[in-house]
């Protein structure tokens, strides 16, 4: 089973039936709509991976309306237009609005399947890129947190070393007392660091 969910829209029941059968035979999950109005109702309710729609349809809503509604609902939906020779310019304009491709009537089903395969590959590449971006974000966040913690540790160690140096320089203390107190400060800091690592 191919993973693309596809909505096919055409007011010609013969074309609609033939495309639907070819999609099912190829293993795609397909739904159909007999008009632009019906298609818009469907795309408002759910996101499709691909919408294959006739450009010119009666009833008030055409392929452009289906394209617009699909992109509003789910910008990742790819729209392939089916157009007659006289409306190729309209299809090109529709591609500027977000359609990924168009096919001329009569539909060449090998071309349709080839375009669907390309869309499947494109969506897979986009998903891989998105997953990689998320993994990189997690890695960057983890690295930033680790660097922050290390900076704190270094600062605390520096403070402890400075405290120990002041103790060792204190002329009012016996040498043994100086060493003992300095070691106590450093030992306390090292214990805290060890505790942080294990927690």
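The values are calculated or read from the model by the stated rules, or taken from the named source; none is laboratory data. Please read these numbers as outputs of a predicted model, since none were measured by experiment. Cβ atoms come from the backbone with ideal geometry, glycine included; neighbour counts cover every protein chain shown.
Every residue, every condition in (1) surrounded by 21 or more Cβ atoms within 10 Å (Cβ to Cβ); (2) farther than 23 Å from residue 117 by Cβ, yes or no:
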{"position": "8", "(1), (2)": "yes, no"}
{"position": "14", "(1), (2)": "no, yes"}
{"position": "23", "(1), (2)": "yes, no"}
{"position": "32", "(1), (2)": "no, no"}
{"position": "59", "(1), (2)": "no, yes"}
{"position": "62", "(1), (2)": "yes, yes"}
Point to revise | Candidate set from the range 70-102 (those that are more than 22 Å from residue 124 (Cβ to Cβ) and not in a helix (DSSP H, G or I)); member that is nearest to the chain's Cα centre (by Cα) | key: 97
Check your understanding: In the list 75, 108, which residue meets the criterion of being modelled with pLDDT under 90, under 18 Å from residue 5 (Cβ atoms) and out of contact with any strand residue (DSSP E or B) (no Cβ under 7 Å at 6 or more places or on another chain)?
Key -> 75
Practice item. Check 49, 68, 54 and return the single one that is more than 20 Å from residue 15 (Cα to Cα) and touching a residue at least 40 places away in the same chain (Cβ under 8 Å). Key: 49
Check your understanding: Conditions: (1) in contact (Cβ under 8 Å) with a residue 60 or more places away in the chain; (2) within 27 Å of the chain's Cα centre (by Cα). Residue 19 meets all but one. Number of the miss?
Key -> (2)
